[in-house]
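The next block holds one structure in the form of structure tokens; read it before the comments.
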Amino acid sequence: GVTRLLLTRIPFFKEIIVSSFSCDSCSWSNTEIQSAGRIQEQGVCYTLAVTSRQDMNREVVKTDCASARIPELDFEIPAFSQKGVLTTIEGIIDRAVAGLEQDQPARRAVDKEVARKIDEFIGKLRQLKEVNAPFTFILDDPSGNSFVENPHAPQRDEALVVTHYRRSPQQSAMLGLEVDAKPPDTAEDLRDEVLQFNTNCPECNAPASTNMKLVQIPHFKEVIIMATNCDSCGHRTNEVKSGGAIEPQGTRITLRITDPSDMTRDVLKSETCSVEIPELEFELGMGALGGKFTTLEGLLKDIRDLVEKNPFTLGDSSTPSRTGKLQEFIGKLQDVKGKTQAHFIMDDPAGNSYLQNVYAPEEDPELRVQRYERTFEQNEELGLNDMKTEGYETEAASGR
């Protein structure tokens, strides 16, 4: 047979490798996917409320370490029980049905009662495809490399909930990860030095170098800026990490864009920050684009590039209405750059994002910064609910 490989990028997600095998002798074919990137820092869980036939056509990237569940049927596809696949929700159900039907003839010969119960369950799975009643589809991936399509992108999808979480030690061991328990060396002051370490280019995987520098932002705090340059393909990228602790309160920054000069304001967007433009009905989740230290114009350009590189608008699965909506959104986003007044909102539960006040240290009439108490769900997502910084020494001593 022949195996074909394709390296492609999924919008609002990352790169994957799609492999397709076909046999001319028996006409058997098979497709699999593998993540082209590294294991993410956090796991991800997608919860989708399936209410219509259109939801069954959503694209799904399911890696081999991801588990899929349908609570209404108490049905689960365990991790590492299937190869990675690029399919739809209907395709995942069909694949489960095919797996259950495979050994039914042998079961009917050995235990008719078990075979009858499995036939009943297969019937329930097939009824799900008709969506006569709504059900919940949950995709949980500790590696963070699975994905469920949002057909309303770049707008928010009310039916889809995306949750990022910290892996447990058992999940890290399942993925073959080892936790480095060596304490960091804090004796050396590295604030005035540019550190450099070797890595691989995220585009061509050639050896490259990453520069890292601790920078103090005026009227804010310290951040870590990392820049990667590849001599082989010329790819350049930068990323920003917070150099301080999580703030006691979350921060919501609202800027009313009234003048083209607002595009030159410095912006620090942390990994936990979401961006919203109400006039465009646009929201960018906290996981997209990563940490950025740029200008407001640069951040809007990154958002536009993210939308324009969407292969779902170019492939055979795209629809004219979806393509038209994305083109209309790109046009409105271009008008925001000084032509149209709009509100630019940054919501960071960790409080580590920043938007420049050009009147500092005086107040900016167009900029509003609100502090708020985080919800239990936001603290859970940041890993704060299970974190204990006081009194743990006595508990450890009594536990011995």
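The values are calculated or read from the model by the stated rules, or taken from the named source; none is laboratory data. Note that the coordinates shown come from a computational prediction; the quantities given were computed from them, not determined experimentally. Methodologically, a virtual Cβ is constructed for each residue, glycine included, from the backbone with ideal geometry; neighbour enumeration extends over all protein chains shown. For the accessible areas, the whole protein counts, side chains as well, though only heavy atoms, and no ligand, DNA or RNA atoms are used. Shrake-Rupley method; radii C 1.70, N 1.55, O 1.52, S 1.80 Å.
Taken over the range 140-152, residues that are closer than 10 Å to T63 by Cα and among the hydrophobic types (A, V, I, L, M, F, W, C) amount to 1. The residues on offer are E297, E271, and the sole one that is part of a loop (DSSP other than H, G, I, E, B) and at pLDDT 80 or above is E271.
Regarding the range 58-66, can at least one residue be identified that is surrounded by 14 or more Cβ atoms within 10 Å (Cβ to Cβ), free of Cβ contacts under 8 Å to residues at least 40 places away in the same chain and in contact with a Phe, Trp or Tyr (Cβ under 9 Å, 6 or more places away or on another chain)? Yes, the range 58-66 contains a residue that is surrounded by 14 or more Cβ atoms within 10 Å (Cβ to Cβ), free of Cβ contacts under 8 Å to residues at least 40 places away in the same chain and in contact with a Phe, Trp or Tyr (Cβ under 9 Å, 6 or more places away or on another chain).
Among the residues making up the range 323-340, those that are at pLDDT 75 or above, over 30 Å from S242 (Cα atoms) and open to solvent by 50 Å² or more (accessible area, probe 1.4 Å) are K325, Q327, E328, K332, D335. Residues in the range 229-261 that are open to solvent by less than 60 Å² (accessible area, probe 1.4 Å), within 21 Å of C273 (Cβ to Cβ) and free of Cβ contacts under 8 Å to residues at least 40 places away in the same chain: T237, G243. Test N132 against the criterion of being outside any strand (DSSP E or B) and under 25 Å from the mean Cα position of the chain (by Cα), and give yes or no. No; evaluated as a whole, the condition is false for this residue.
Rundown of residues vs (1) closer than 30 Å to G43 by Cβ; (2) at pLDDT 80 or above, yes/no style:
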| position | (1), (2) |
| --- | --- |
| S321 | no, no |
| A342 | no, yes |
| N357 | no, yes |
| T375 | yes, yes |
| T389 | yes, no |
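Restricting the range 365-379 to residues that are under 26 Å from P260 (Cα atoms) and in contact (Cβ under 8 Å) with a residue 24 or more places away in the chain, the residue that is least open to solvent (accessible area, probe 1.4 Å) is L367. Restricting to the range 70-96, give me the number of residues that are within 22 Å of the chain's Cα centre (by Cα), surrounded by fewer than 16 Cβ atoms within 10 Å (Cβ to Cβ) and either within 17 Å of N30 (Cα to Cα) or not aromatic (F, W, Y) (or both). Residues that pass the stated criteria total 2.
Here is a check on your reading of the model: is A115 over 21 Å from the mean Cα position of the chain (by Cα), farther than 27 Å from R38 by Cβ and among the hydrophobic types (A, V, I, L, M, F, W, C)? Here the answer is yes, as A115 does meet what is asked. Answer with yes or no whether L139 is over 30 Å from V307 (Cβ atoms) and either open to solvent by less than 60 Å² (accessible area, probe 1.4 Å) or in contact with an Asp or Glu (Cβ under 9 Å, 6 or more places away or on another chain) (or both). The answer is no for L139.
Condition check for N145 on (1) touching a residue at least 24 places away in the same chain (Cβ under 8 Å); (2) in contact with a helix residue (DSSP H, G or I) (Cβ under 8 Å, 6 or more places away or on another chain): one failure, at (2). Within the range 256-308, restricting attention to residues that are of a type in the set (K, R) and touching a Leu at 6+ places or on another chain (Cβ under 7 Å), the residue that is nearest to N238 (Cα to Cα) is K292. Within the range 82-102, the set of residues being part of a loop (DSSP other than H, G, I, E, B), over 26 Å from A153 (Cα atoms) and either out of contact with any helix residue (DSSP H, G or I) (no Cβ under 9 Å at 6 or more places or on another chain) or at pLDDT 90 or above (or both) comprises just one member, K83.
What are the residues in the range 42-57 that are open to solvent by less than 10 Å² (accessible area, probe 1.4 Å) and either assigned to a strand (DSSP E or B) or within 21 Å of A288 (Cα to Cα) (or both), if any? Across the range 42-57, the qualifying residues are G43, V44, L48, V50. Looking at the structure I just gave you, is L128 open to solvent by less than 60 Å² (accessible area, probe 1.4 Å), in contact (Cβ under 8 Å) with a residue 40 or more places away in the chain and under 30 Å from T272 (Cα atoms)? No; evaluated as a whole, the condition is false for this residue. With respect to N357, is the statement that it is surrounded by 11 or more Cβ atoms within 10 Å (Cβ to Cβ), farther than 14 Å from S270 by Cβ and within 22 Å of the chain's Cα centre (by Cα) true? Considered against the rule, which asks whether it is surrounded by 11 or more Cβ atoms within 10 Å (Cβ to Cβ), farther than 14 Å from S270 by Cβ and within 22 Å of the chain's Cα centre (by Cα), N357 comes out as no.
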